[in-house]
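Reading through the structure tokens given below for one structure.
The values are calculated or read from the model by the stated rules, or taken from the named source; none is laboratory data. Because the structure is predicted, anything quoted here is derived from the model rather than measured. When we count neighbours, we look across all protein chains shown, and the Cβ atoms used for this are built from the backbone with ideal geometry, even at glycine.
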Amino acid sequence: MRKVPVGLLQPGMKVARPVYDSMGFLLLNSGVLLKNEYIIKLQELQVPSIYIEDKRIPDIVVEDIVLEETRQKATCIVRSILNDINKQPEKNFRTLLFTSKELNSVLNDIITQLLQNPNLIVNLSDIRLADNYTFAHSVNVAVLALTTAISLGFSRSDLHKLGMGAFLHDLGKTKIPLSILNKQDRLLPEEFAEIQKHPRYGYDLVKLYDLIDASSAAVIFQHHERTNGNGYPQNLTGEEIHKFAKICSIVDVYDALVADRPYRPALPPHKALEIMEGAGEEFDLFFLQKFYRHIAAYPIGTIVGLSNGEIGIVTHNTVGFPTRPNVRVFWTKDFQKVNPYEIDLKEKIDIVVDRVIEEKELSEAELLNYCS
Ligand SMILES: [Fe+2]
């Protein structure tokens, strides 16, 4: 299966992963054959891309690292907390108390699923809708932070505290006017100064009711700090920043880069990782390296050109080898078909991935090959 931008979908393609609307309702289930009206509806709803079966790799199934229903449940809880908080400030305590109980429960489920996963590598990126961005982002930040923390050997108790902070890291944005948050144009200095207050707003809120651990609150307060002192709100450096916040700062930026935004399409993982590497001094390098181990630079289904000139589709990724996937070779460099064969780049160290081939580079005939 492969992630395909909605603009390139064609009738007859088979949906490979369920598509939900921004309220968590199922729009299209896996196995459905696309019809023209479905594609138009997806365009109307501004769904950026969906996962489609590719008959060239029918044996390859891509699993999310947490169950879809758990992700949807978590997104729903985060949505309700972020939507309700500060609407009627006198009810904030009730909202936080009630939703933090629900968050604790779904967080336990996520931690259990991640701990039980033998190959904890991220091959899927969210296909979230624009109006669901903040909620899906909060859940993704939690899942990615926990994945990194598991690699670091954190105790279950610490995983829980980190996950809670990650879920609520942008809680303070509920106090920022939407006119600033949703502004498409460049922010004025005073607007940016207001945005920079959200870590403190969120921290003050959770401290007031004292419902979460101090280390979770530190994530909320410090997730925009940078190890070189270039962050906000306190310009902390290095060891002054809580380790949970350091992890969250990394995954927060990464997840924003790989998401479709109204002003730019999602970056593919290998590009996002390149940007993160370029900003190395902003992040704790030790944690950044641990994070890398779990992100497939070339997720399953990516069409890649290899340094030996051949072209194939990624079929497997392994923790610790984010840039050395298994590739099923189908074509020569000018898309002449070859007898398909599998190559494991962990073993063939003289061959590397040297380019990613985008959907729009494929011929009509190759695109139609998706159809079963
Ligand atoms: Fe933030």
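In the range 315-352, what residues are of a type in the set (Asp, Glu) and either under 29 Å from the mean Cα position of the chain (by Cα) or within 19 Å of Leu273 (Cβ to Cβ) (or both)? Glu342, Asp344, Glu347, listed by residue number.
Within the range 128-137, if we keep just the residues that are buried (at least 17 other Cβ atoms within 10 Å of the Cβ) and among the aliphatic types (A, V, I, L, M), the residue that is nearest to the ligand (Cβ to nearest atom) turns out to be Ala136. From the list Thr315, Thr323, the one residue that fits, being more than 16 Å from the ligand (Cβ to nearest atom) and touching a residue at least 60 places away in the same chain (Cβ under 8 Å), is Thr315. Looking at (1) in contact (Cβ under 8 Å) with a residue 24 or more places away in the chain; (2) more than 16 Å from the ligand (Cβ to nearest atom), can you tell me which one Asn140 breaks? Of the numbered conditions (1) in contact (Cβ under 8 Å) with a residue 24 or more places away in the chain; (2) more than 16 Å from the ligand (Cβ to nearest atom), the odd one out for Asn140 is (2). Here the helices (runs of 4 or more DSSP H) wholly within the range 263-372 that include at least 1 residues being touching a strand residue (DSSP E or B) at 6+ places or on another chain (Cβ under 7 Å) and either assigned by TED's automatic domain parsing to the domain that holds Ser249 or surrounded by 18 or more Cβ atoms within 10 Å (Cβ to Cβ) (or both) are 269-278. For the range 113-155, filtering for residues that are within 19 Å of the chain's Cα centre (by Cα) and either on the phi > 0 side of the Ramachandran plot or of a type in the set (Val, Ile, Thr) (or both) leaves 10. Scanning the range 235-250 turns up one or more residues that are within 14 Å of the chain's Cα centre (by Cα) and either surrounded by fewer than 22 Cβ atoms within 10 Å (Cβ to Cβ) or not small (Gly, Ala, Ser) (or both). Name every residue in the range 100-117 that is without any contact (Cβ under 8 Å) to a residue 40 or more places away in the chain and surrounded by 21 or more Cβ atoms within 10 Å (Cβ to Cβ), in order of residue number. Result: Val106, single match. Just give me the residues in the range 154-179 being surrounded by fewer than 16 Cβ atoms within 10 Å (Cβ to Cβ) and within 16 Å of the ligand (Cβ to nearest atom), in sequence order. Pro177, Leu178 - these are the residues of the range 154-179 that are surrounded by fewer than 16 Cβ atoms within 10 Å (Cβ to Cβ) and within 16 Å of the ligand (Cβ to nearest atom).
Does any residue of the range 29-41 turn out to be hydroxyl-bearing (Ser, Thr, Tyr) and either within 15 Å of Ile127 (Cβ to Cβ) or over 21 Å from the mean Cα position of the chain (by Cα) (or both)? Scanning the range 29-41 turns up at least one residue that is hydroxyl-bearing (Ser, Thr, Tyr) and either within 15 Å of Ile127 (Cβ to Cβ) or over 21 Å from the mean Cα position of the chain (by Cα) (or both).
Being crowded, with 23+ Cβ neighbours inside 10 Å and more than 25 Å from Ile176 (Cα to Cα) holds for only one residue in Leu144, Leu120, Leu124, and it is Leu144.
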